[in-house]
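Below: the structure, in structure tokens.
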Amino acid sequence: QVQLVESGGGLVQAGGSLRLSCAASRNIFNIKSMGWYRQAPGKQRELVAQITTGGSTNYADSVKGRFTISRDNAKNTVYLQMNSLKPEDTAVYYCNLILITYTYWGQGTQVTVSS
């Protein structure tokens, strides 16, 4: 069993920055990608950013140019640097880890951006 441990969420003013981290509880092989989704109240969970083992990235249009995803393959850790935060970025952010046959999810971390 794998656990994803997230950290770095919190309350920040609009225009501020936060950095989220997500670490897998043990070494894992055959990872396809790691990434972040978010879910705001009353809305569906949506992709924020994803990064493959080879380093290819994919971002939601709403965060391009403001958020940067990165990963440390040796530590099975993925990061999300969030700059120029907006109130509409407020949500619970979930880390995920995609294998060929299974997807793991973290417990979520709250990000609140005040106007």
Practice problem: Give me the pairs, please: first residue somewhere in the stretch 37-64 and without any contact (Cβ under 8 Å) to a residue 24 or more places away in the chain, second residue anywhere and of a type in the set (A, V, I, L, M) and part of a strand (DSSP E or B), beta-carbon distance under 6 Å, and either six or more positions apart or on two chains. | Solution: Thr53/Ile31; Thr57/Ile51; Thr57/Ile69; Tyr59/Ala49; Ala60/Leu47; Ala60/Val48
Quiz prompt | the stretch 45-71, subset within 19 Å of Tyr104 (Cβ to Cβ) and open to solvent by less than 20 Å² (accessible area, probe 1.4 Å), residue farthest from the chain's Cα centre (by Cα) | solution = Ile51
Quiz item: Would the stretch 9-22 turn up any residue that is open to solvent by 40 Å² or more (accessible area, probe 1.4 Å) and at pLDDT below 90?
Solution: no
Quiz item: Taking the condition among the β-branched types (Val, Ile, Thr) and within 15 Å of Pro87 (Cα to Cα), does Val12 pass?
Solution: yes
Quiz prompt | Leading residue by the ranking (nearest to the chain's Cα centre (by Cα)) among those in the stretch 29-44 that are open to solvent by 20 Å² or more (accessible area, probe 1.4 Å) and of a type in the set (S, T, N, Q) | solution = Gln39
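For a quick check of your reading: which strands (runs of 3 or more DSSP E) sit entirely within the stretch 1-50 and have at least 3 residues that are in contact with a strand residue (DSSP E or B) (Cβ under 6 Å, 6 or more places away or on another chain) and not β-branched (Val, Ile, Thr)?
Details: elements: 4-7, 10-13, 18-24, 31-39.
Passing ranges, in order: 4-7, 18-24, 31-39.
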Quiz item: Which of the residues that make up the stretch 85-106 are open to solvent by 60 Å² or more (accessible area, probe 1.4 Å), modelled with pLDDT of 95 or more and either out of contact with any strand residue (DSSP E or B) (no Cβ under 9 Å at 6 or more places or on another chain) or farther than 19 Å from Ile51 by Cα (or both)?
Solution: Lys86, Glu88
Exercise. Could you check how many residues of the stretch 67-115 are assigned to a strand (DSSP E or B) and touching a helix residue (DSSP H, G or I) at 6+ places or on another chain (Cβ under 6 Å)?
Key: 1
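When the stretch 36-79 is examined, which residues are found to be at negative phi and of a type in the set (Gly, Ala, Ser)?
Ala40, Ala49, Gly54, Ser56, Ala60, Ser62, Ser70, Ala74
The values are calculated or read from the model by the stated rules, or taken from the named source; none is laboratory data. As the structure is a prediction and not an experimental result, all values here were calculated from the model. Positions of Cβ are generated from backbone atoms using ideal geometry, with glycine treated the same way; all protein chains shown enter the neighbour counts. Side chains are part of the model used for accessible areas, which takes the heavy atoms of the whole protein and leaves out ligands, DNA and RNA. Shrake-Rupley method; radii C 1.70, N 1.55, O 1.52, S 1.80 Å.
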